[in-house]
Amino acid sequence: MGDMAKKIVKLDVSDLIRVLNEAYAEEWLAYYQYWIGAKLVTGQFKKGVEEEFLEHAKEELEHADMLANRILQLGATPVINFDELSKLAKCKYESPVNEDSLSLVTQNLDSERCAIGRYQGICEICFGKDHETFRIAEYILKQELEHEQEMEDFLRDISTAKQYYQKQF
Ligand SMILES: [Fe+2]
Ligand SMILES: [Fe+2]
């Protein structure tokens, strides 16, 4: 913990830590949602969805790591009780009850859109007031925007393929 790290933040540090812990919890849920989705996915798009989900899972875990480091730097503790993760998260975990790629990708697209709102919010709170948290949130936001785009691309490919098969058979 750095005293100066806290001193230079022109925000209520305890409010900031609460928000960072919510985002941290959301990243763990996002990680697990992709990871378990990659295990469960079935159907024609299995291979591509599995690869993309595992790549995203890795990035969500990196986001959790960045947030944990920042929380520690600010003299606080990342969530230590596993049950608290789902309670704290505003972007909720959506259980992948349907293993079809269309359903999994749609659920993860919703989660990405929630994450975009989360980091847009943190950027707005921190702009000009906490350069380091802003830098982290801006970096994560860029990746969440890419994730959204990739999920949208998958949905487009899936619906194009479905239309093609419907015409053929
Ligand atoms: Fe993330
Ligand atoms: Fe993401």
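The numbers here are math on the coordinates, done by the rules we state, and not lab data. Bear in mind the structure is a predicted one, so any value in this text is a computation, not a measurement. Quick reminder, even Gly has a Cβ in these numbers, built from the backbone with ideal geometry, and neighbours come from all protein chains shown.
What shape does segment 77-169 take by its C-alpha gyration tensor, where a ≥ b ≥ c are the square roots of the eigenvalues and a/c under 1.5 counts as rounded, a/b above b/c as prolate, and the rest as oblate?
oblate
In this Cβ point-charge picture (+1 for Lys and Arg, -1 for Asp and Glu), the chain has a dipole of about 220 debye about its Cα centre.
Among the listed pairs K58/K87; K46/K90; K10/K58, a Cα-Cα separation exceeding 25 Å is found for K46/K90; K10/K58. Ordering N108, L20, T160 by Cα displacement along the dipole of segment 10-163 toward the positive end leaves L20 in first place; charges were set at the Cβ atoms of Lys, Arg (+1) and Asp, Glu (-1). For K6, which lysines qualify as cross-link partners when the Cα separation must be under 24 Å and same-chain residues fewer than eight apart are set aside? Within the straight-line limit of under 24 Å, K6 reaches these lysines: K129. With the helix formula -39500 (n - 2.57) applied to DSSP H stretches of n ≥ 4, the chain reaches a computed 222 nm mean residue ellipticity of -27000 deg cm²/dmol.
The convex hull of the Cα atoms of the chain, projected and averaged over all directions, covers 9.9 nm².
For the listed peptides 56-62, 141-147, a ranking on the average number of other beta carbons within 10 Å per residue, highest first, reads 56-62, 141-147.
Each residue in S14, S101 was given a count of other beta-carbon atoms within 10 angstrom of its own, and listing them fewest first yields S14, S101.
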